[in-house]
Amino acid sequence: MVLRAKGDDDITLKILYCGICHSDLSTIKNEWRNAIYPVVPGHEIVGVITEAGRNVQKFRVGDKAGVGYFISSCLSCDDCKQDSENYCPQLVPTFNSSHPDGTPTYGGFSNKLVVNEHFAVRIPTKLPVDKVAPLLCAGIAVYNPLKEHGLSEPGKHLGVVGLGGLGHLAVKFSKAFGVKVTVISTSPDKEKEATEKLGADSFIVSRDPEQMKAAMGTMDGILDTIAADHSLMPLFALLKTRGKLIALGGMTKPTEISLFPIMAGGKIMAGSIIGGVKGTQDMLSFAEEHNITAEVEVIGMDDVNTAMERLQKGDVRFRFVIDVANTIRLSYKIQNLGEQNNVV
């Protein structure tokens, strides 16, 4: 793996921890038909700065910094000017892409990363860095739509579909905002965890018609965090008039939507993907203030293949995080989960 050339505005990170997102698995398996092999996944990256270019102002050598889903954007379009670099047409993802000079982008399943300081964020000093790593994708992925769509206001009622990496953080952030939270899941055995451990106010089994009927028209908004293919229509019935359903999961197949139930209630379907740099820094500050971190299972690089297999089965509570600094080797191969070997 070859790092791109370092510039005057760049920092070099020694990677300490990197979370495993479901999109890492989807890319490795080429589920979205866009994999560029060899793939080096990872975009929930926390590290320590070992080098800083002469123009760098945000950081110093020795600071801890984080990098999320993207490492470049144009910085001049309307989205970038509004601190929404995540929607920039020239967005460069942290891995499975290429820099403007053509150099491939490689993610956090590696020992180092070079990035322009603008696209890195400062890591809170009061929070454990391994549990902060997932906030750089899963955390901002739920925080941003809560803020953008007015669902962070105290007293709102939010539905959270799925209790995985994104879902459990949606519950934590929403409760810190003072929002009433109902978890919606296909798994009845997750109720105790949702309500007693994470603090959700109520729990609905989506396969139970009576429970779904009783909750009709009660929610101001719903965050759908599920990546697996599923129907969205039953969720619209849970929304109040003008309620908002926000899709966060990357389903691999098109989904059918009947327009009349949406039109009849003035309801809104929206999508959201992560957040901008400023929003991510704001999210980390809020997390530090309210002691919000991800529930993680820390693994070594030798455990990545097994972790991917378990993630495929949904067997993780709630996020795998790789202890990169203490376990990485110079050469490492991820098993052939896609169409060809993917080498780290």
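The values are calculated or read from the model by the stated rules, or taken from the named source; none is laboratory data. What you are looking at is a predicted structure, and each value in this text was computed from that prediction instead of being measured. FYI the Cβ positions are ideal-geometry reconstructions off the backbone, even for glycines, and counts take in every protein chain you see. Accessible surface is based on the protein model in full, side chains and every heavy atom, while ligands, DNA and RNA are left aside. Shrake-Rupley method; radii C 1.70, N 1.55, O 1.52, S 1.80 Å.
Tell me the residue from Arg60, Arg33 that is without any contact (Cβ under 8 Å) to a residue 40 or more places away in the chain, in a loop (DSSP other than H, G, I, E, B) and at positive phi, please. One residue alone meets the criteria, Arg33.
For every residue, the table says whether it meets (1) more than 17 Å from Ile226 (Cβ to Cβ); (2) under 21 Å from the mean Cα position of the chain (by Cα).
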site	(1), (2)
Asn144	yes, yes
Ser152	yes, yes
Val161	no, yes
Lys172	yes, yes
Lys180	yes, no
Thr186	no, no
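Which ones in the range 142-177 are charged (D, E, K, R) and closer than 16 Å to Val296 by Cβ? Hit for the range 142-177 is Lys172, nothing else.
Within the range 33-57, can you find the residues that are open to solvent by 10 Å² or more (accessible area, probe 1.4 Å), out of contact with any helix residue (DSSP H, G or I) (no Cβ under 6 Å at 6 or more places or on another chain) and closer than 30 Å to Thr252 by Cβ? Arg33, Asn34, Ile36, Tyr37, Pro38 - these are the residues of the range 33-57 that are open to solvent by 10 Å² or more (accessible area, probe 1.4 Å), out of contact with any helix residue (DSSP H, G or I) (no Cβ under 6 Å at 6 or more places or on another chain) and closer than 30 Å to Thr252 by Cβ.
Being at pLDDT 95 or above and open to solvent by 50 Å² or more (accessible area, probe 1.4 Å) is the filter here; which residues of the range 88-105 pass it?
Within the range 88-105, Pro89, Gln90 meet the criteria.
For Glu85, the criteria (1) open to solvent by 10 Å² or more (accessible area, probe 1.4 Å); (2) at pLDDT 95 or above; (3) among the acidic types (Asp, Glu) hold in every case but one, which is (1). You will find that of Ile268, Ile262, Ile257, Ile322, the residue that is within 19 Å of Leu136 (Cβ to Cβ) and not basic (Lys, Arg) is Ile322 and no other. Of all residues in the range 187-235, those satisfying the criterion of being assigned to a strand (DSSP E or B), surrounded by 20 or more Cβ atoms within 10 Å (Cβ to Cβ) and out of contact with any helix residue (DSSP H, G or I) (no Cβ under 6 Å at 6 or more places or on another chain) are Met219, Asp220, Gly221, Asp224. Counting only strands (runs of 3 or more DSSP E) that sit completely within the range 236-327, those holding 3 or more residues that are under 30 Å from Ala215 (Cβ atoms) and open to solvent by 40 Å² or more (accessible area, probe 1.4 Å) correspond to 239-247, 268-271. For first residues located in the range 122-148 and at pLDDT 95 or above and among the hydroxyl-bearing types (Ser, Thr, Tyr), partners that are crowded, with 21+ Cβ neighbours inside 10 Å and part of a helix (DSSP H, G or I) and lie 6+ apart or on another chain with Cβ distances below 9 Å form the pairs Tyr143/Leu135; Tyr143/Leu169; Tyr143/Ala170; Tyr143/Phe173; Tyr143/Thr280; Tyr143/Met283; Tyr143/Ala287.
Being within 30 Å of Arg329 (Cα to Cα), among the hydrophobic types (A, V, I, L, M, F, W, C) and either open to solvent by 50 Å² or more (accessible area, probe 1.4 Å) or touching a strand residue (DSSP E or B) at 6+ places or on another chain (Cβ under 9 Å) (or both) is the requirement here; does Cys137 meet it? Answer is yes for this residue.
The one condition from (1) modelled with pLDDT under 95; (2) over 18 Å from the mean Cα position of the chain (by Cα); (3) crowded, with 18+ Cβ neighbours inside 10 Å that His22 does not meet is (2).
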